[in-house]
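All remarks here apply to the structure that follows.
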């Protein structure tokens, strides 16, 4: 069993966006931005996706260095639950390492966002 978890202050993400607007395009895919920026307050959704990407990096060393933020995408599924979509180097490395389907859980309060990623090693998607 593989587990990754991350927590971040929502205000930290907001300040990063205000300080460096390019942060959004560097970290989030266009589909993630479309979903988050459609909200009256996008920062909790942005922060929880940032936490998810960090949790995914912590899931297995193969998903850490050399994997771009855009290679890790978190979208809302048809059933309303968050889904992980791996692209590029992340997809290649996860297949190489035998990382199976990844489940993710997202939550946030007014101040913090948290994400947990779980997968089984040796189980194909």
Task: Residue that is assigned to a strand (DSSP E or B), within 24 Å of residue 15 (Cα to Cα) and modelled with pLDDT of 95 or more, where the choices are 113, 55 - done: 113
TODO: Answer yes or no as to whether residue 18 is at negative phi and over 11 Å from the mean Cα position of the chain (by Cα).
DONE: yes
TODO: May I ask you to list the residues in the stretch 34-59 that are surrounded by 12 or more Cβ atoms within 10 Å (Cβ to Cβ), out of contact with any helix residue (DSSP H, G or I) (no Cβ under 6 Å at 6 or more places or on another chain) and over 14 Å from residue 115 (Cα atoms)?
DONE: 35, 37
- [ ] Looking only at the stretch 59-68, decide whether some residue is modelled with pLDDT under 95, more than 15 Å from the chain's Cα centre (by Cα) and in a helix (DSSP H, G or I).
- [x] yes
Task: Qualifying position, being surrounded by fewer than 18 Cβ atoms within 10 Å (Cβ to Cβ), part of a helix (DSSP H, G or I) and out of contact with any strand residue (DSSP E or B) (no Cβ under 9 Å at 6 or more places or on another chain), among 12, 31 - done: 12
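The values are calculated or read from the model by the stated rules, or taken from the named source; none is laboratory data. Quantities reported herein were computed from a predicted structural model and do not represent experimental measurements. Cβ atoms come from the backbone with ideal geometry, glycine included; neighbour counts cover every protein chain shown.
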